[in-house]
Amino acid sequence: MDQSIGIKVERNYGIDLLRIVSMIMVLILHILGRGAVLDNYTTKGINNDIAWFLEIACYCAVNIFGIISGYVGYKSKHKYANILYLNIQITFLLLISITIFKVRYPSEVTIDDFKKASMPFAYYVIWYYRAYFCMFFFIPFMNMAIDKMTRNQGRLLIATIFIIFTFIPTFFNQDTYTTSYGYSALWLMMLYLTGAYFSKFGIEKNYKWWVLLLVYLGCVTLTFGWMKFPYELYFMKTLINYTSPTVYVCGITMVLMFAKMKLHKPTIFGVKFFAPLAFSVYVIHVSPYFWQKFMSYRFWKYGKLNPFAFPFAVIGTAILLFICFALIDAVRHYLFKLCRVKKFCNFIEKKIRCLCSKIFKEEKEETNELETTETQQIEEQKEQINEASS
């Protein structure tokens, strides 16, 4: 979805696999959180520790999506048709969801809900999309900045992001620079720049996969251990948020680790099918009424399972939900193909570009004419002065 810099790049199916894995991680977070598994009244003892370890291990999922957008976007063509297509896709899914719940719970769904679903870029319906929509229009400028960077300047950029947007807010336990603890377009921009830097310099080639895995597990363990400290030892309240230094590093290591992967053909076939559907899985299960009626307090009984069965139940449920929601979106994907929605979006972009080109061309011509007139006036004045002098 991003600006071309004239480089033809082979598709990295390891990154596509990570899209799937990250969305399953998001589902695990929502099963544990929204599903009330982390509720201390239902999940106690070792199951509570397992639940929190899973929560922390998956917490970097949203950061991963932001970093991937930069890693892939830096070497891709920036097309405004893509954001139009994505907006139509999300609006379609939200309207279908709300219509279903309007039939089931007519008194709970209002006209205002339909209005918000029709313009998800403007309302807090799908927070990630609203933040991404804002960031999208700055992508060409971020790509240009990364394109001109040296390796040392890139390292300084990553260090600056780490210190300003992760370390300081975490250390002082406040949203110092108004990133809403990661729920904002500003934070997505920082993640995009991070991914774009790694993409440009191929940083993953410098590290063994097991080193990256150890760093990831080390950050997860550190965050979990910090959570278990007594409250009186806190000078930082928590490391469990999107802008946490450890969560930020976890996202980076996951992207670099999967970028190194070489997949076999059978795996590639599955990845090619499910990866394009991954974001719709997110949209479907966090759509307002599905979120309230299906996800809310749905999985609290998992906390009473045997400790050996407990993590498999949570992860297995997440995988099952991912497959079900992805298959639902596969129907939407097929309908969009039949209706040629992507071609329509490309057509709209082409027309808008032509219009903009015409407008800017006319402005340029007017500017040139003005400059020519001014030059002629100056030359005439010079001639008059020379004649007077002679």
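So which of Val271, Val255 ends up being within 24 Å of Glu10 (Cβ to Cβ), touching a Gly at 6+ places or on another chain (Cβ under 8 Å) and not small (Gly, Ala, Ser)? Explain how you work it out, then say what you get.
Numbers: Val271 fails: touching a Gly at 6+ places or on another chain (Cβ under 8 Å).
None of the others qualify; the one that does is Val255.
In summary, Leu191 fulfils each of the numbered conditions (1) within 14 Å of Val62 (Cα to Cα); (2) free of Cβ contacts under 8 Å to residues at least 60 places away in the same chain with the single exception of condition (2). Taken together, the residues in the range 105-117 that are touching a residue at least 12 places away in the same chain (Cβ under 8 Å), surrounded by fewer than 15 Cβ atoms within 10 Å (Cβ to Cβ) and assigned to a helix (DSSP H, G or I) amount to 1.
Could you tell me whether Phe172 is among the hydrophobic types (A, V, I, L, M, F, W, C) and closer than 22 Å to Ile252 by Cβ?
Numbers: among the hydrophobic types (A, V, I, L, M, F, W, C): yes; closer than 22 Å to Ile252 by Cβ: no.
No; evaluated as a whole, the condition is false for this residue.
Would you check which residues across the range 1-38 are touching a Gly at 6+ places or on another chain (Cβ under 7 Å) and either at pLDDT 85 or above or of a type in the set (Asp, Glu) (or both) and list them?
First pass over the range 1-38, keeping only residues touching a Gly at 6+ places or on another chain (Cβ under 7 Å): 1-2, 37.
Scanning the range 1-38 gives Asp2, Val37.
For the range 215-237, filtered to residues that are farther than 16 Å from Gly251 by Cα and of a type in the set (A, V, I, L, M), the residue that is modelled with the highest pLDDT is Met227. Taken over the range 281-302, the residue count meeting the criterion of being in a helix (DSSP H, G or I) and either touching a Lys or Arg at 6+ places or on another chain (Cβ under 7 Å) or among the aromatic types (Phe, Trp, Tyr) (or both) is 8.
Applying a threshold of 7 Å to beta carbon distances and a minimum spacing of six or more residues, or different chains, the list of pairs starting in the range 36-54 at a residue that is more than 15 Å from Ile315 (Cβ to Cβ) and ending at one that is of a type in the set (Lys, Arg) reads Thr42/Lys304.
Screening Gly270 against (1) outside any helix (DSSP H, G or I); (2) free of Cβ contacts under 8 Å to residues at least 24 places away in the same chain leaves a single unmet condition, (1).
Listed by first and then second residue, the pairs with beta-carbon distance under 8 Å, at least 6 apart or on different chains, first residue in the range 158-176 and within 18 Å of Gly66 (Cα to Cα) and touching a residue at least 24 places away in the same chain (Cβ under 8 Å), second loosely packed, with under 15 Cβ neighbours inside 10 Å and aromatic (Phe, Trp, Tyr), are Phe165/Tyr177.
For the residues Ile158, Ile168, Ile139, Ile164, the requirement of being at pLDDT below 95, surrounded by 14 or more Cβ atoms within 10 Å (Cβ to Cβ) and among the aliphatic types (A, V, I, L, M) singles out Ile168.
When the criteria are applied in full, Ser97 fails the requirement of being part of a loop (DSSP other than H, G, I, E, B), of a type outside the set (Val, Ile, Thr) and over 20 Å from the mean Cα position of the chain (by Cα). Listed conditions (1) hydrophobic (A, V, I, L, M, F, W, C); (2) in a helix (DSSP H, G or I); (3) touching a helix residue (DSSP H, G or I) at 6+ places or on another chain (Cβ under 7 Å); (4) more than 19 Å from Ile319 (Cβ to Cβ) are all met by Leu29, apart from (4).
Taken together, Tyr71, Tyr85 contain a single residue that is out of contact with any strand residue (DSSP E or B) (no Cβ under 9 Å at 6 or more places or on another chain), crowded, with 24+ Cβ neighbours inside 10 Å and assigned to a helix (DSSP H, G or I), which is Tyr71.
Does Phe201 satisfy the criteria of being modelled with pLDDT of 95 or more, surrounded by 15 or more Cβ atoms within 10 Å (Cβ to Cβ), over 19 Å from Trp52 (Cα atoms) and of a type in the set (Phe, Trp, Tyr)? Reasoning before the result, please.
Numbers: modelled with pLDDT of 95 or more: no; surrounded by 15 or more Cβ atoms within 10 Å (Cβ to Cβ): yes; over 19 Å from Trp52 (Cα atoms): yes; of a type in the set (Phe, Trp, Tyr): yes.
Answer is no for this residue.
Evaluation of Cys324 against the conditions (1) of a type outside the set (Val, Ile, Thr); (2) assigned to a helix (DSSP H, G or I); (3) farther than 25 Å from Tyr105 by Cα shows that the sole unmet condition is (3). Taken over the range 331-380, the residue count meeting the criterion of being surrounded by 10 or more Cβ atoms within 10 Å (Cβ to Cβ), at pLDDT 80 or above and farther than 19 Å from Lys79 by Cα is 5.
Of the residues making up the range 123-162, those that are part of a loop (DSSP other than H, G, I, E, B), of a type in the set (A, V, I, L, M) and over 17 Å from the mean Cα position of the chain (by Cα) number 1.
Screening Lys228 against (1) closer than 27 Å to Tyr129 by Cβ; (2) surrounded by fewer than 20 Cβ atoms within 10 Å (Cβ to Cβ) leaves a single unmet condition, (1).
The values are calculated or read from the model by the stated rules, or taken from the named source; none is laboratory data. All values derive from a computational prediction rather than experimental measurement. Neighbour counts are summed over all protein chains in view; Cβ atoms, including those assigned to glycine, are modelled from backbone coordinates with ideal geometry.
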